[in-house]
Structures are given as structure tokens and as C-alpha cells.
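Report on the structure given below.
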Amino acid sequence: MTFPRRSLPSRRDPGHRRVMVIATAVTLAFLVLIGQLWYLQVLEGGRFLDASDKNRIRVRPIAAPRGILFDRHGTPLVDNRPAFTLSLIPRELPREVESRDVVLGRVAALLHIPYQELLDAVARVQPDSLLPVRVRRGLTLADVAKVEEWKLELPGVITEVEPQRVYPTSRFAAHLLGYVREASDEQLKQGRYRRGEMVGQTGLERLLDEYLRGQDGGERIEVDAMGRPVRRVQQTEPHSGAQVVTTVDRAIQEAAERAMEGHAGAVVVMDPRNGDVLAMVSTPAFEIDRFTGTIERDAWLRVVQDPNFPLLNRAIQSQYAPGSVFKVLVAAAGLQEGSLTPLDRTHCTGEFHLGTSTFKDWKDGGHGTVDLHNAIAQSCNIFFYEAGLKIGGAMIVRYASAFGFGQPTALDLPGEKSGLLPKPQIVRGRSGRTWPAGETVNMSIGQGTVLVTPMQVARFMSAIANGGVLWRPRLVQRVERPDRVVWSDQGQVSGHVELSPVVWAFLRQSLWSVVNDGGTGAAARIPGLDIAGKTGTAQMIAKSKAEKGQDHAWFAAFAPMKAPEVVVVVMVERGGKGGQVAAPIARKILNAIFFERVAAVETSG
Amino acid sequence: MGRIDRRLLQNVDWALLAIAVGLVVMSAVTLASLHVGRAGGSVVVRQLVWFLVGLVALILLGSLDYRRLVRAAPAIYLLGLAGLVAVFVLGRTVSGARRWVVFGPLSIQPSELFKVCFLLMVVWAITSRWAQPVGKLTLVLTLPIVAVPVVLIIKQPDLGTALLLVPVLGILLVGAGMRLKLLGGLVLAAVAAAPLAWLALKEYQRERILVFLDPFRDPLGSAYNVIQAKIAIGSGQLLGKGVAGATQSRLAFLPERHTDFIFAVFAEMWGFVGCLILLLCYVLLLLRGFDIAASAREPVGRLVALGATSLIAAQVLINVGMVTGLLPVVGIPLPLMSYGGSSMVASFMTLGLLLSVRMRQFQ
């Protein structure tokens, strides 16, 4: 160390020497500072530069609004509304576990969220992630106010605004639309979705998820020390999802839901001229609005474990014996094949003996002497037992197959059941197949091994109404973006059943009598409207006394009889007799269609 | 008279002055880039006004003979103590501390100015004939000189300034020839008394020391300054981000960025190279000061110069040490750089003492 030497005192002067020692010590201290600066700026500089960038840049994803689903007249079935979401930014939470847990504890106490839920949410992501983890959607304004009020105590806790699904009523078209939820862990594993992304999980939301989803945008914002935005560095606009025009008529859907209130079962309303599904109801329905976004664990378990299976779409996912509705098919087969004529008569005593077995009519004492017309109108079992044996099991199954039973309707929704038709039994020792007579007897009144879905019945009834055309049920007309139609469905005929015009006319006339001429479906009668229909009561094999009388009630109808515009199928689980339970429901729906919204139906063609 | 004046003027240490002015220029540039408060320029203007006041004080002290100042030291010291007491009577409270006395538009921080009074008083005591030879007795004599103001300043509370007085006293005692063994014993005693001092500290002061030991104790609370300062300094890297890119400083992540933490702002803008130049300026300044002390021909001059130099040295080392995370955060400004009138004037008074010694060393 050299000093400018202008000084006179000698080096040996003790005072001089001490000053030099102190000067050296001070200089060494400066070297330590320079060493620290070297460490901070040169060795660790990159890391700190990164930290300063993260300090000032915040990434905020902007969720794209999901596409809207419209009914056939352009009325929205579901809409979006801005909703508040509670999110955690892992990197801005306190780094120390203890103080972080204090923050999470505060959030849990403020908003009544289970503490564990918050811990789980944080544990799922990287601790230095800047992307918000959504914890709870659909905060109330009061909740948001609480979070804002405690903002300084809650580092890393933010509220975001996101579009959320909103439905006309809590359970509106729950099975048809399906619910939208954050991608589950399993879906994340497939790699198609990002964490926190909203994905359609059931119904049309799932089927059309890719169209509905849209593209999320995002913005990078420079913020100051208080987290206040200073300027926007970069922004990508979100692109909202495509719009879906369904075949559903919202008014009819709502009427059908109202009519089914208090019953478990399903309703399908179809246009027999083109297979358009105008309404599809399954009850009990789940609360679709609560399922959207984040649902509390308890509420989820309650729905999943509900013995009434509210998640099941009974219109396509449940199979029932068709009961007497099936007699229409037996009559058609018999008439067309010549095994039956309208002139055939049977004396119904209320009992039918086959070998050692006795089959009963639903009416004690029987219907007396009935012809085919009356047998359909009165739903006489004895007549159809005999008719069934005359026609033969194989022939009935062939006709059932031709009318689409035993095969899925190929509706757009996933999870459809195909129903069941009895198979001929192979008789041992001889080549060839045979039908046990008892099986055939049961089948001719829609019992036994015949199982159908309400949607299949609707397609069948449509074919009766339109003269044999089997339409594939259509739910979605088209998917459109602002500039073009990206997907469309023009409707599709999936089969034809050729019957003599006389047979069609006879069947329609008989079904008209069911409702309008003292038949079992009198409860569906609406003066001024020619409704044709068939009741059905599918017997449950009573395992206990409590289950007795808990039969499934069916009513399948179309109207107006001369030029059918709608088919209405009502199925009430454990409802009792079709004519007493299902028919009045169908009446309410038909009344709503033809007398409460006349204009809507007229334009629906 | 004219002859003497010319002689004095010949010995003015222009290099020392040039370095000091250079530092003030760097301070002004840094402050100007910060846009503190509503009127961005006002802080710079005020700082430059205080610089002029400081220059006047420097010329005043430089033209006075330091020996006369030391002789008057007891009176000056008492005046300084009165200033410290005045804080409690007239003081204005800013963020929980009563450090300022307000005179119209001016607010003065007596503890800053007191440092100069203290320095003179210690030199007076050490060189007084009762204190000879320098030993235990000297220690006993000087301890109350430091104890009374330390208690007063800690009460304000201004821990940094209070702590500053102790090393300055130590260096002066060493410079006066006190045996290191004795001083070492004193340091040991101080360490032993540390737990007592802990009790006397305010909650936030304790917290600061704890945070120094573990910065992530509370990253958004008291450790915030340290972490943000480190990020600011480190992100400057080798060459700095320049004025426009210094986001840490300009976006206000850095607290007290125009006063105690101004070094972090400078470091972010100019990087390691800039810091090296800045610290080199300070080192040169201090070496000039030590040279003045070393070349002084009598003990009073040497001690005044040594005390003045060590006062500046201690402030620079403690300030940069705390901003870079080497020392706990105590409120000590960076001499000549930090915004603040009292500090600026006190620094130039200290330099004035150095000049006074230099000019008279050949008489």
C-alpha cells in the first residue's frame, strides 16, 4: 500500500504507524464490500435479474368465455356471467411453511373453505409458480369484499373475474347440457388440458367441448411494489367458444320439466318428421349450477351416493320393460304378417293358461269379448297373449329389431344404452332355434326380457306417426363461429319399416281410441287436439310387499293424429299405472306445446 | 495576514474537494432518475441547495483553526447535546422516530450534526492533560462523552447514529496510542453486556437484527428492504441496467430508495463496474483523509483528521454493508450520496475539519 507521501513525520513515529494500520483495516473492509458486490452482481446476478423480472411481471390468464348453447328458436339454454374466483399465486405466498399456513388458515376462516382443500390446492403445483391456482369459483360479493379488506394480510391470495355458466333454473336440462368443471386429475394425465381449465364433463358440454371451449388469452402486466398494475407489457385476446344451435325447444323443455316435478323418470319429446329432440328430461336431476365450477366435496358425495341416481340420464341410460306400449309393435307385426286381422276376437276372462302356468290380465275379471281395436284401446293382455303365440317370438323380435329396439339410437350423447331383445334359445340335440312359449307370451305384452330406453320408444312412436321412417334422434343442428359454420347435422334416416298403409291407418286409429274413445289413455285427452297414444305399465317383479304396485308407468303419444308434429314419451319409475300417472303428464306437455306456445311449434318445421 | 492566507490556500486539498463534489454529482444524477414524490426535480434541487450550504460550512470550518475548535469543544459538545434534547421537546415524529427539529421550512436532524461535535469533544478529552498518558484513565474520561449522547440518540430512536459513535471513539483511542489489549477487554465487556442492550432495544430494532440473521423470516415485512435491495443490486449485474431499465428502483420496490438505500439504486443502474468506481471514489477520499492524519505533525491535528476520516469511513462501510446484506439494517445514510440536508452539511463540516488540518500542517 502506497500513500501520497508529502508527509514529514517519519515512518517510525508511533502515531503515524497507527494511522497506517487503521487505513489498511478500512481499505480491507472495502475489499470485503467489493467481494460481496462481486458475489451479488456477477456470480448471482442472473438469478437476481430473474427475480427482479418476476417482481415486476405478473401473468394474468384471461379465460375465454365458453360458447353459448341455443335452442331451436335462438333462445339461450345456458349463458355466461362474470363470476369471482378465489385463486392463490404460489410464488407470492409466504415462503416459510408456517407463515404460509397462517395465510391459508386466514383464507379458510374468512371464506369457510376447508383448510385441507387449500393445502391440497397448493400442494398440487410448483411452489414458485406464478400462475394462479383456482381454489373456489363463484364467490359472493361479500366474500370478495372480505378478501379485499384483508388483502395486506393475504399475500398471494387474489380474486379473479372469470366467465361462468349460468342456467335458467337450478336443474335446467341438466342431463342434456351436462356440467362443466375444472379438468380432473385423470383428464390432466391425458395431457389434453391444462390445470384449472374448464372442461365439459357430461352431456352436450362434453360432446362439443372442443368447439365450446374457445381459446384463453392472457396478459403480462408490469406491477409496482404494491402489486398495482403500471403498464401492460403484452396481451393476447381470448377467443370465445363457438355457438351451438340445438334442436331443443326451451319452452317445451321447461314445460316437460315442470310436468315431471315430483316424479322419477324421463320424458322425450321428438319431432316425428325429422327426429329432432325437442326436449329431453331425466328426473331427479342434479343441481347443474352447483356442479359447475368448484363444488364442495360433501355436496358432490351427496349427489354421487344418492340412491335415486340423479346423475343418470334416464332417457338414454336406463332400460325398462316397455309394458303394453309394446303391444303396438306386436299388433303391427301380426297385421302385416297376416297372423292377425282387425276382425279377430277373443273372450277375455282375465286369465290365460299355458301348460301349467297361468298369465293374468291387469284387469280382474277381464275385458269380456274384445277385437284388436279394443284390445289396443283397453290394453287387454289376454288378447295379446294369444296373438303373440300366433305370430311367434321370432317374428316379434324381427319387427322389434326393424323398429330399432335392441340397438342404440345413435343419439349424439355419450353413454347411451342399447336396450335388450330376447334371443332364441338353441335347442340341444337338434339344429335350429326355438322360442319357449312362455317367453313369447311375456314378450307380447312387453314384459320379460324386452328392455327399452325412453329414447327408443320415442323413435318407435315417431315411426308409427310418420309411417315407418326411423330417424336418428338429432340434438345439435349446427356449431357456428362468427364467420362460418364449423359443424352441422342435417338429420339422418337410420331405417325404414314397410307396412301396408292400411296397417298404419289402423294402428293410428286404435291409438287415437286409447285417448279419445274410452281407452286407458283417457287422462291425456285434450279437447280440440287429436292425440294418439299408448299406455304401458311395466310390472316390477315384486320382491317384497313394499315394492308391490311400484310399476313403471309409460305413456307414448303423438299429435295431431292426422299430421303428427310431436311425439311425447313419458316414463315414470315406480309410478303405478301408465294411464293414471304417465298420461296426465303427457297431457300437460302436449297442452303446453299446442296451446301455450302455438306460434313456436308452427315455425319449428 | 495576506502572506498567511496565501500559504493556507496553497495547501487546500483540491483532490479531496474534487472527489467530494464528484460524489455529490453522482448523488444528484441518481436522485434525478428516481422521480421521488410528485415533483421529481425538487429532491435534486433541495439536495443541491444543501450542497451549497455544506460548501459554506466547509469554508467556514476550513478557515477556522482546528485547534481553536478543539479548545472550544466542551461548549460545542454541550450545544450538540442541547440539540439532541431539543428533539424531544420540539421534535417532529416521522415514521415513529423523533429525529428532526423543524425551523420553518427546514427540518434539521441534530444527531447528524452532533457527530462533528462529538468528534471534537473526544479529541479534546484524549489530548487534555488529565488524560495523559493514554490508558485506563483516558477510557474512564471518554466513556461518559459517548454514553450520554448514545442514550439520548437511542431514545429517538436512531440506533445507527448511536452505534456509529462507538467505532469512531475506538479508532480515536487507538490513534492516540491506547494499548489494543485494553480496548480488546472493553469490546469483550460490551459483548457481555449485549443481552442487556437487547432488552433496551425497540421491537422493530430487534426484528431488524433477527431479519438480518434470517432474511426470509418475513419476506414482505421487515426483511422486505433487504431482499429487495439485494435483488436490485444483483440484477444490475456487471454493467447495470441503465436509468430506464432499473425497474426495482423506479417501480418503487425498493423502500427508502432516495435516502438510506440509494446505493442499491446506483448499483442497479450502473452495475458492478459503477459500484467499483463509486467505492473507489470513497476509498480515495478516505486515503486522502488518512494521509492528512498521518502527515499531521502534532497529536490534536492528527486525531481530528483521523476522527473525521473514520467518521466518514464508518458511515460508508456500515451503509454499504447493510444495503448489500452484510450487516443488519440500521438507519445510516451514505455520506454525500443519500438525500438529506443534515447529513450533507455534517459531511461537509467533517471535510472542512480535514481541510483545516491539512492547511495548517506546515505552519
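Every read-out reported here was derived from the displayed coordinates using simple, explicitly stated rules and does not represent laboratory data. Quick caveat, the model's predicted, so the values are computed rather than measured. Note that each Cβ is placed from the backbone with ideal geometry, even for glycine, and that neighbours are counted across all protein chains shown.
Brief remarks follow.
- Across the options A:Pro65, A:Gln201, A:Pro76, the greatest Cα extent toward the positive end of the charge dipole of the range A:58-246 (unit charges at beta carbon of Lys, Arg, Asp, Glu) belongs to A:Pro76.
- In order through the range A:163-170: 3J(HN,Hα) via Karplus (6.51 cos²θ - 1.76 cosθ + 1.60), integer Hz, x for Gly, Pro: x, 10, 5, 9, 10, x, 9, 4
- Per-residue mean of C-beta atoms belonging to partner chains within 10 Å, peptide B:233-244: 5
- The 3J(HN,Hα) values that the Karplus relation (6.51, -1.76, 1.60; θ = phi - 60°) gives for the range B:9-20 are, in residue order, 4, 4, 9, 5, 7, 5, 4, 4, 4, 4, 4, 4 Hz. Gly and Pro appear as x.
- Its convex hull of Cα atoms gives chain A a direction-averaged projected area, equal to a quarter of the hull surface, of 43.5 nm².
- Per-peptide average of other Cβ atoms within 10 Å, ordering A:300-307, B:191-198, B:106-113 highest first: B:106-113, A:300-307, B:191-198
- For the range A:298-378, average projected area of the Cα convex hull in nm²: 8.8
- Charge dipole (Cα centre; +1 on Lys/Arg Cβ, -1 on Asp/Glu Cβ; no other charges) of the range A:249-390 amounts to roughly 220 debye.
- Protection proxy ranking, highest mean first, for peptides A:477-483, A:252-258: A:252-258, A:477-483, where packing is the per-residue count of other beta-carbon atoms within 10 Å, averaged.
- A simple charge model with +1 on the Cβ of Lys and Arg, -1 on the Cβ of Asp and Glu and nothing else charged puts the dipole of the protein assembly as shown at about 4600 debye relative to its Cα centre.
- Projecting the Cα atoms of B:Leu17, A:Pro168, B:Leu238 onto the dipole axis of the protein assembly as shown, where Lys and Arg carry +1 and Asp and Glu carry -1 at the beta carbon, places B:Leu17 farthest toward the positive end.
- A:Lys146, A:Lys360 arranged by Cβ crowding within 10 Å, fewest neighbours leading: A:Lys360, A:Lys146
- Taking other C-beta atoms within 10 angstrom as a stand-in for reagent exposure, A:Val267, A:Val161 fall in the order A:Val161, A:Val267, fewest first.
- Charge-dipole axis of the protein assembly as shown as Lys and Arg at +1 and Asp and Glu at -1 on Cβ define it, positive-most pick from A:Ala183, A:Gly138, A:Pro94: A:Pro94
- Cα-based Rg of the range B:72-201 normalised by 2.2 N^0.38 Å, two decimals: 1.13
- For A:26-32, mean number of other protein chain Cβ atoms within 10 Å: 6
- Remark on A:Asp276: its backbone amide H falls under 5 Å from those of A:Asp271, A:Arg474, a criterion applied only to residues 5 or more positions apart or on other chains, H modelled at 1.01 Å from N.
- Amide proton proximity set for A:Arg136, modelled H, under 5 Å, gap of 5+: A:Leu86
- Taking the Cα centre of the range B:72-201 as reference, the dipole from Cβ charges on Lys and Arg (+1) and Asp and Glu (-1) amounts to some 160 debye.
- For chain A, calculated [θ]222 nm from helices alone, where every DSSP H run of n ≥ 4 adds -39500 (n - 2.57): -9500 deg cm²/dmol
- Distances between placed amide hydrogens fall under 5 Å for A:Val566 paired with A:Ala559, all partners being 5 or more residues away or on another chain.
- Percent of Cα-Cα distances greater than 21 Å, calculated over the range A:36-186: 57
- Among the residues of B:286-293, the average count of other protein chain beta-carbon atoms within 10 Å of the residue beta-carbon is 5.
- Electrostatic tally near B:Leu81: other residues with Cβ closer than 13 Å to its Cβ, Lys and Arg +1, Asp and Glu -1, net +2.
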